[in-house]
Amino acid sequence: MEEEEKIFAGKMFDPRKKELKAIKHKAHLACQRYNTMNEFDPDRLPIIREFIGSIGNTYYFQGPVQFNYGCHTFIGENFFANFNLMIMDDARIYIGDNVCFGPNVSLMATSHP
């Protein structure tokens with residue numbers, strides 16, 4: 001069983017394994033790039049699509065943002081996040097349509113047995 005499969009099965013997993021580190025590293029690098037860019041740069045917003053599980057067509061992240069895996073997060077249409085959003089998406093996170101987050105929101109979906 002792969003480490004990522006263990007996460008979703010609620011089994012003990014090793015976050016140090018190369019497989020999980022690679023997924024997290026991709027998200028962390030993308031967040032770092034996003035956070036250093038000007039909020040009006042048209043190349044900034046599409047960075048989110050590089051690592052997130054899925055997201056609707058209309059969305060905005062004020063930044064800074066930090067995702068642990070990113071690919072375990074699924075966001076609907078018409079989403080807004082104010083500054084300092086942190087998503088610890090060890091387990092899957094589903095955010096519906098028409099959601100607005102205020103500042104300093106943290107979602108912690110860890111699934112340690």
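Just the residues that are touching a Gly at 6+ places or on another chain (Cβ under 8 Å), of a type in the set (S, T, N, Q) and surrounded by fewer than 16 Cβ atoms within 10 Å (Cβ to Cβ), please, taken from segment 57-83.
N78, N82
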Legend entry - In segment 84-108, residue nearest to the chain's Cα centre (by Cα) [restricted to those that are outside any strand (DSSP E or B) and surrounded by fewer than 15 Cβ atoms within 10 Å (Cβ to Cβ)]: V105
Legend entry - Residues within segment 5-17 that are in a helix (DSSP H, G or I) and either surrounded by 17 or more Cβ atoms within 10 Å (Cβ to Cβ) or touching a strand residue (DSSP E or B) at 6+ places or on another chain (Cβ under 7 Å) (or both), tallied: 2
Legend entry - Count of residues meeting criterion [outside any helix (DSSP H, G or I) and either modelled with pLDDT of 95 or more or surrounded by fewer than 11 Cβ atoms within 10 Å (Cβ to Cβ) (or both)] in segment 18-56: 13
Legend entry - Residues satisfying the stated conditions in segment 57-83, i.e. more than 20 Å from T36 (Cα to Cα) and either touching a His at 6+ places or on another chain (Cβ under 8 Å) or in a loop (DSSP other than H, G, I, E, B) (or both): N57, T58, C71, H72, G76, E77, N78
Inset, instruction - Taking I47 as meeting all but one of (1) hydrophobic (A, V, I, L, M, F, W, C); (2) in contact with a strand residue (DSSP E or B) (Cβ under 7 Å, 6 or more places away or on another chain); (3) within 25 Å of A22 (Cα to Cα), write down the number of the exception. - result: (2)
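The values are calculated or read from the model by the stated rules, or taken from the named source; none is laboratory data. None of these values were measured; they are calculated from a predicted model. Reconstructed Cβ throughout: ideal geometry from the backbone, glycine too, with neighbour counts over all protein chains shown.
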